[in-house]
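What follows is a single structure, written as structure tokens, with notes after it.
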Amino acid sequence: MVDAAVPRVHRPVMPEACVEGLAIRTDGVYVDGTFGRGGHSALILARLGSGGRLLAIDRDPEAVAVGRGWRDGRFSIEQSRFSDVGAVLDAHGIEGVDGVLLDLGVSSPQLDDPARGFSFRADGPLDMRMDPTRGLSARQWLLQASDRDIAEALRDYGEERFAVPIAKAIAARCRDAGDDALRTTGELAAVVAGVVRSRQKRPEVGKDPATRTFQALRLLVNQELEELALVLDRVVGRLHVGGRLVVLSFHSLEDRMVKQFVARESGRLARRDPVTGVPVHDSPPRLRAVSRTLPDAAEVAANPRARSAVLRVSERI
């Protein structure tokens, strides 16, 4: 069993619904593709028998350090992008699995630590990398990007309607301040807020003006949508028949990708015979949609991060 001394840093979103979606077999093999601080993993292990197995993956070295402190022979964890799930499974001698859970986006410990640079609510270095040892930080990317590059990122990843004026303001700050520009999350948030508030006819209640910009930069820096596209295809190929794919997403771009993927893999988007109207499958369907669940009022009250969550469950056929 997981060591009782392991701290529970935060409550995961919709934990019971996620684990129920996996339809866990006591002797099954499962993957938690986004370990975080182990909230979902602990619940999965509680339902596994002595013959079960759980492999966790996370990009964040701090999360992996927590998992490596767990003492349970059924559990192992690797630091990796979840798009590399195939290589991770191969390294552990696992051919197929009975379920995969993907809790997308940033974890609460990442948001709550100003040093990680994910949040505009507390000032810290403008980083945003899930693995701070790899790739460009958000600040490094902004300093070398053109205003056109920035506008495209804010529009495509953040669905920000003021993408162009925000991008121009950010680029101007970088030109004016040079190497001293955008050192903190607070500085970037202030630049964005100045633009948005000057153009909004009325403020969005309960939403900070910098929300979409920070979301866009985080998705860009961590290549989250590209990673999601890769992992969805790769995990389906490793699921046993009857195995479950459970994906918890937090904004429309992620959920749209998951929805369209399941529709495509279930054959619902197949072309139809022009005469009979019967679907013509270019390849056999691999999934069936099982459920779509939204958090109830009690869940949102207990965990405000759940308010935008969508949980989709599908099954290998």
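For A167, indicate whether it is part of a helix (DSSP H, G or I), hydrophobic (A, V, I, L, M, F, W, C) and in contact with a helix residue (DSSP H, G or I) (Cβ under 7 Å, 6 or more places away or on another chain). Yes.
Once segment 60-80 is narrowed to residues that are part of a helix (DSSP H, G or I) and touching a strand residue (DSSP E or B) at 6+ places or on another chain (Cβ under 8 Å), the residue that is surrounded by the most Cβ atoms within 10 Å (Cβ to Cβ) is G67. With respect to the stated conditions, E95 fails to be of a type in the set (D, E, K, R), at pLDDT 95 or above and closer than 27 Å to R218 by Cβ. Only residues that are surrounded by 17 or more Cβ atoms within 10 Å (Cβ to Cβ) and without any contact (Cβ under 8 Å) to a residue 24 or more places away in the chain were counted across segment 156-172, and they come to 3.
Only one of these is open to solvent by 20 Å² or more (accessible area, probe 1.4 Å), at pLDDT below 90 and not in a helix (DSSP H, G or I): R305, R268, R288. Name it.
Only one candidate qualifies: R268.
Taken together, Q144, Q110, Q140 contain a single residue that is polar (S, T, N, Q) and either more than 27 Å from E227 (Cβ to Cβ) or more than 24 Å from the chain's Cα centre (by Cα) (or both), which is Q144. Taking L217, is it surrounded by fewer than 21 Cβ atoms within 10 Å (Cβ to Cβ), within 15 Å of Y157 (Cβ to Cβ) and touching a residue at least 12 places away in the same chain (Cβ under 8 Å)? No. Entry remark, segment 7-35: residues being closer than 23 Å to V88 by Cβ, in a loop (DSSP other than H, G, I, E, B) and open to solvent by less than 10 Å² (accessible area, probe 1.4 Å) number 3 in total. Yes or no: segment 182-205 includes at least one residue that is part of a loop (DSSP other than H, G, I, E, B), touching a Lys or Arg at 6+ places or on another chain (Cβ under 6 Å) and either more than 21 Å from L111 (Cβ to Cβ) or open to solvent by 20 Å² or more (accessible area, probe 1.4 Å) (or both). No.
So which residues in segment 240-264 are touching a residue at least 40 places away in the same chain (Cβ under 8 Å), farther than 29 Å from G117 by Cβ and open to solvent by 10 Å² or more (accessible area, probe 1.4 Å)?
Pass one, segment 240-264, residues touching a residue at least 40 places away in the same chain (Cβ under 8 Å): 240-255, 258-259, 262.
Subset that is farther than 29 Å from G117 by Cβ: 240-246, 259, 262.
If the condition is that a residue be touching a residue at least 40 places away in the same chain (Cβ under 8 Å), farther than 29 Å from G117 by Cβ and open to solvent by 10 Å² or more (accessible area, probe 1.4 Å), then H240, V241, G242, R244, K259, V262 are the ones that fit.
The values are calculated or read from the model by the stated rules, or taken from the named source; none is laboratory data. The model shown is predicted, which means the values in this text are computed figures rather than measured ones. Because the Cβ atoms are built from the backbone with ideal geometry, glycine has one as well, and the counts that use them run over all protein chains shown. Remember, those area values only see protein heavy atoms, side chains included, never the ligands or the DNA or RNA. Shrake-Rupley method; radii C 1.70, N 1.55, O 1.52, S 1.80 Å.
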